[in-house]
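Student: First, the structure itself, so that you have it in front of you.
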Amino acid sequence: MTDSQQLLADYVGNGSEEAFRELVTRHLALVYSTAIRLVGGDTHLAEDVAQTVFVDLARKARTLPCDVMLGGWLHRDTCFVASKTMRSERRRQSRERHAVEMNSFQDHSESDLMQVAPILDEAINRLGAEDRTAILLRFFEQRDFRSVGKALGSNEDAARMRVNRALEKLHSLLTHRGVTLSIAALGTVLSAEAVTAAPVGLAVTISSVALAGAAAGTGTTLTLIKLMTMTKFQAVVVGAIVVAGVATPLVIQHQAKVREENQSSRQQIAQLKVDNEGPAHQVAPIPRPPAPRVEASSTTNAPVAQSPYEQLQAFLASRLAPSREEMEASVRQNRPPTLPDALSREEIGAYLQQNKRNAESLLAAYRMSHDQSYLREAATNFPNTPFVQLAVIADKVFPEEQRKWIDAFKASSPDNALAWYFSALDYFNSKQPDLAIRELAEATRRQSLDTYAAQASQAVEEMCDLAGWPPLAAKAWAPSSESASYLNSLKNMANQMMQTQQQDLTRGDAASANSLASMGMVLGNTLRAGSPMDQLVGIAIEKNILGKLDPAVKYDFLDRPVSEVLAELDRDKHAIVDALNSKEQVLPTLNETELASYFERKKLYGEVNAVLWLQSKHGPP
């Protein structure tokens, strides 16, 4: 048992706060360094991420296996927390400011690790468990080879060989993504720059917060503790607690503050073109890249070289175009042609075999084929996996067992607001509005709305890689393969909320109607931290809710009159289209490395951050 494992056991078995504080002190540099790379160098945001990671450790310590390699667990949790945080609306303005300073992934400087930082941690996560552990122990925990060997159950020489092989594999992954550091240079950079010293006193602060959070348990108390300790918002939140005294008004005031701070930056975000006149009632289908336009030309003309973007479109069109037989059949039957699946059953089967039909691979197979047998297999073999539970609930695979799956999702993901929103929808559908409203109140107390999109995109990309797709095509297609069924469910629930709101207004119960309106605004604001499609749905929900209220009144849950909020929502909706048009004009001008960087950022940090990065590099067209 390593020293870290012994300290963790002491904390779990005896509740030793000294042991936990020592764990934080030992591993803070690893977590903080990873966080600061993933958040673009924002030191305040990196502190927030580090704090959240150690809160997670304090709460989940009892569920970790006794032989856990703590460095590896902390690194993965840091990547997960940082990815969610980068999509958060309250940091959008800061991200936009720093995006100007961010360069393309392909920067060949051998002394500046920050130039490859966004793909470094993703590449580490793609290593096998033993290789990942070796890299983290050697370069992030900064252990000598003897200590690495002891942790891995081997000797110094074997550890040296393991680290060297792991470094070669990491170098191969980075080279595949356009980074040209040599193996020796990569090892030097990791040794010298992988770990950044955390601010003085941060370990003490984080230990106290994490221990307090573990003692408080889950639910509202922990949510308030997290909000109180966010470095940038401490004064705002503490003031809100003193004035409001309860969780729901606290969240609403926090959201109002975020909206005010990020009004200008929201004008520049978006990626997805949908029908802007009715996003609340119809989710646009997941777009497939159009076939490249073929210009009439003489056979004697020399072929025109295609740009990387045109090559990408041509490849995807070749995989997705209907066959001649299907086209002829569709004409005879006067129906639209049926589009083929992007991958064949044989290609999907090879990926499942390689990954031993684990939960991620089965869910990726379902997303690529729309065959529910894959999802049913995942539900049978991995019923306690949150992203499997979400897919089962959103797509109503077992409608007669919907409540059972929702309760399981709530138990496995108590901080994920999606679980509580699905619970509210189920109660609305079963004509139990009082229970539904109770669940809505619980949802507003949870700051996370995790759809596991990055995880899904990674699995789909790996499946396309294995099928022999060009690397750029695999990256481009993966984010488009995410299921949007959860959006349908959220919109249905919002419609139920508005019907109940109207009933309250009809019978003169303004207080209940306003309470529902405030919870609907929280949902809309939460969605507006996601993809452009999420944002459009969030805008539509907020507009429909506010449309039932007096436009001249400034309600308790708003920071201005309804009419002003509605005007801002209209501006934001048009800004999404403007940003989309800007992006569509820039993408065809990018080289292959820049396109890969764009799609990588889209996967890791979401469409919003990727578009901001694109605009920071190229500006308005």
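No lab work stands behind these numbers, since they all come straight from the coordinates. What you see is a predicted model, and the numbers here were worked out from it, not measured in a lab. Reconstructed Cβ throughout: ideal geometry from the backbone, glycine too, with neighbour counts over all protein chains shown.
Student: By average Cβ neighbour count within 10 Å, what is the ranking of 504-517, 43-56 from highest down?
Tutor: Per-residue mean Cβ counts within 10 Å order the peptides as 43-56, 504-517.
Student: While we're looking at this one, here's another question. Quick one: net charge of residue 430's neighbours, Cβ under 13 Å, K/R +1, D/E -1?
Tutor: -2
Student: In what sequence, highest mean first, do 161-172, 57-68 appear when ranked by Cβ atoms within 10 angstrom?
Tutor: 161-172, 57-68
Student: Right, something else. Under 14 Å from the Cα of residue 554, which aspartates and glutamates turn up, not counting those fewer than eight places away in the same chain?
Tutor: Those aspartates and glutamates meeting the cut-off are 564.
Student: Another question, if that's okay. Under the 0.36 nm per residue contour assumption, what length would be gained going from the current alpha-carbon distance of residue 381 and residue 403 to full extension?
Tutor: The span from residue 381 to residue 403 would gain 6.0 nm if fully extended.
Student: Report, ordered by chain and residue number, the aspartates and glutamates lying within cross-link reach of residue 475, taken as a straight Cα distance under 16 Å and ignoring same-chain residues fewer than 8 apart.
Tutor: Cross-link targets: 122, 310, 461, 462, 465, 592, 594, 600, 607.
Student: Still on this model: Quick one: if you stick a label point 7 Å off each Cα along the C-beta vector at residue 431 and residue 488, how many nm between them?
Tutor: Reported label-point gap for residue 431 and residue 488 is 2.5 nm.
Student: Here is a further query. Counting other Cβ atoms within 10 Å of each Cβ, which trypsin sites (Lys or Arg not before Pro) in the range 309-408 have at most 11 and sit in a DSSP loop?
Tutor: Answer by residue number: 356.
Student: Checking the table 60/150; 548/573; 573/602; 431/491 against a 22 Å threshold on Cα-Cα, which pairs fail?
Tutor: 60/150
Student: If you don't mind, another one. Test of understanding: ordering 27, 574 by Cβ neighbours within 10 Å, fewest first, what list do you get?
Tutor: So the ranking, lowest neighbour count to highest, is 574, 27.
Student: Note the full-extension length gain between residue 18 and residue 552 as 0.36 nm times their separation in residues minus their Cα-Cα distance, in nm to one decimal.
Tutor: Gain in length upon complete extension: 186.6 nm.
Student: With the crude spin-label approximation of a point 7 Å out along Cα→Cβ, what separation in nm comes out for residue 370 versus residue 566?
Tutor: Placing both labels 7 Å along Cα→Cβ, they lie 3.8 nm apart.
Student: Between residue 559 and residue 26, what length in nm is gained on full extension when 0.36 nm per residue of separation is reduced by their alpha carbon distance?
Tutor: Stretched fully, the residue 559-residue 26 segment lengthens by 187.5 nm.
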